[in-house]
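Engineer: Take this structure, written in structure tokens, and hold onto it; I'll ask about it next.
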Amino acid sequence: MKKRLNFWILLFILTLITAGCTTSQPARFYTLNGISKPDNASSVASGKAEIIGVGPISIPDSLDRPQIVTLSGENEVRIAEFDRWSSGSYRDEIARVMTENLSTLLPSQRVVSYAWGRRVSLSSQITIDILRLDGVLGKIVTLKANWAILAESGTKTILVRRSDISEPVNGGDYASFAAALSRALGTLSREIAVAAQSPR
């Protein structure tokens, strides 16, 4: 009887230990932030304003996942299983922020994100191919992108540019990493906005 009781006590203890080892830590969620509205910003676009379409936006397949991806060496990446994008998609985060930023920087125009309906008549379209938007925790974020401004329903290329941007990561945590990514996208947005407003 005593041996049987000891067996059940031991089994109970082992069950508790196993449960403690297999309990996963809670996931943490992050988002990218748009730029602040300038103090001297003009009024928002009216219903008759020209419409600018943002997209499609492409990113490397290795980055397009719910988890935050960072670099830890020249040829090594780290996937943070418990540090994730709140939208569930890194590409969606980028597309949202770029649309928000360009809406802020081009207040006299209406900015819409891809994919827009057939009834939307665009004055111009901005396509963005992001080659890199990654970095090292506590060090630096790198953004490399090719982008173009198109007209006539995307059939006429107005200009093609390349942007190479870097931002320091002011901390070793993922919140600081997301903030640096946001700043890099803000710089890219400003470069695109300047080109979009230049005489053609």
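What follows is calculated from the coordinates using simple rules that are stated; it is not laboratory data. Everything numeric here is computed off the predicted structure, so don't read it as measured data. Every residue, glycine among them, receives a Cβ derived from its backbone with ideal geometry; neighbour counts consider all protein chains shown.
Engineer: For residue 156, go through the aspartates and glutamates and keep the ones whose alpha-carbon is under 20 Å away, minus same-chain ones fewer than eight residues off.
Structural biologist: The qualifying aspartates and glutamates are 50, 129.
Engineer: Segment 64-106: percent of C-alpha pairs farther apart than 14 Å?
Structural biologist: 57 percent
Engineer: DSSP loop trypsin sites (Lys or Arg not before Pro) in segment 63-144 with at most 12 other Cβ atoms within 10 Å of their Cβ, which ones?
Structural biologist: 118, 119
Engineer: Residue by residue through segment 95-103, which ³J(HN,Hα) values in whole Hz follow from phi under the Karplus form 6.51 cos²θ - 1.76 cosθ + 1.60 (θ = phi - 60°), with glycine and proline marked x?
Structural biologist: Taking θ as phi minus 60°, the curve returns 4, 5, 5, 5, 5, 4, 4, 5, 5 Hz for segment 95-103.
Engineer: Of 90, 159, 137, whose Cα points farthest to the positive end of the dipole of segment 32-178 (charges on the beta-carbon: +1 Lys, Arg; -1 Asp, Glu; origin at the Cα centre)?
Structural biologist: Of the listed residues, the answer is 159.
Engineer: Average projected area of the Cα convex hull of segment 114-200, in nm²?
Structural biologist: 6.4 nm²
Engineer: Using θ = phi - 60° and the Karplus form 6.51 cos²θ - 1.76 cosθ + 1.60, what ³J(HN,Hα) does each residue of segment 62-77 get, whole Hz, x for Gly and Pro?
Structural biologist: Each residue of segment 62-77 in turn: 5, 9, 7, 8, x, 7, 6, 10, 10, 9, 10, x, 4, 10, 10, 10 Hz.
Engineer: A further question on this structure: List the GluC sites (Glu not before Pro) in segment 54-92 that DSSP assigns to loop (not H, G, I, E or B) and whose Cβ has at most 13 other Cβ atoms within 10 Å. Which are they?
Structural biologist: Passing sites in segment 54-92 are 74, 76.
Engineer: Relative contact order for segment 81-200: what percent, with Cα pairs under 8 Å and sequence separation of 6 or more?
Structural biologist: Reported as a whole number, the value is 22 percent.
Engineer: May I pose another question? Please list, in chain and number order, the residues 5+ apart from residue 65 or on another chain whose amide H is under 5 Å from its amide H, with Hs placed from the backbone.
Structural biologist: 90, 91
Engineer: Turning to a different aspect of this structure: Extending each Cα 7 Å along its Cβ direction at residue 198 and residue 28, get the distance between those two points in nm, one decimal.
Structural biologist: In this crude label model, residue 198 to residue 28 measures out at 4.1 nm.
Engineer: While we're here: Could you run the Karplus curve 6.51 cos²θ - 1.76 cosθ + 1.60 with θ = phi - 60° over segment 184-192 and give me ³J(HN,Hα) per residue in whole Hz, x for Gly and Pro?
Structural biologist: Result, rounded to whole Hz: 4, 5, x, 5, 4, 4, 5, 4, 5.
Engineer: Using the beta-carbon distance between residue 139 and residue 119 and R0 = 35 Å, what value does 1/(1 + (r/R0)^6) give for FRET efficiency, to the nearest 0.05?
Structural biologist: 0.15
Engineer: Could you please rank 69, 111, placing first whichever residue has the fewest other Cβ atoms within 10 Å of its Cβ?
Structural biologist: Ascending Cβ contact count within 10 Å gives the list 69, 111.
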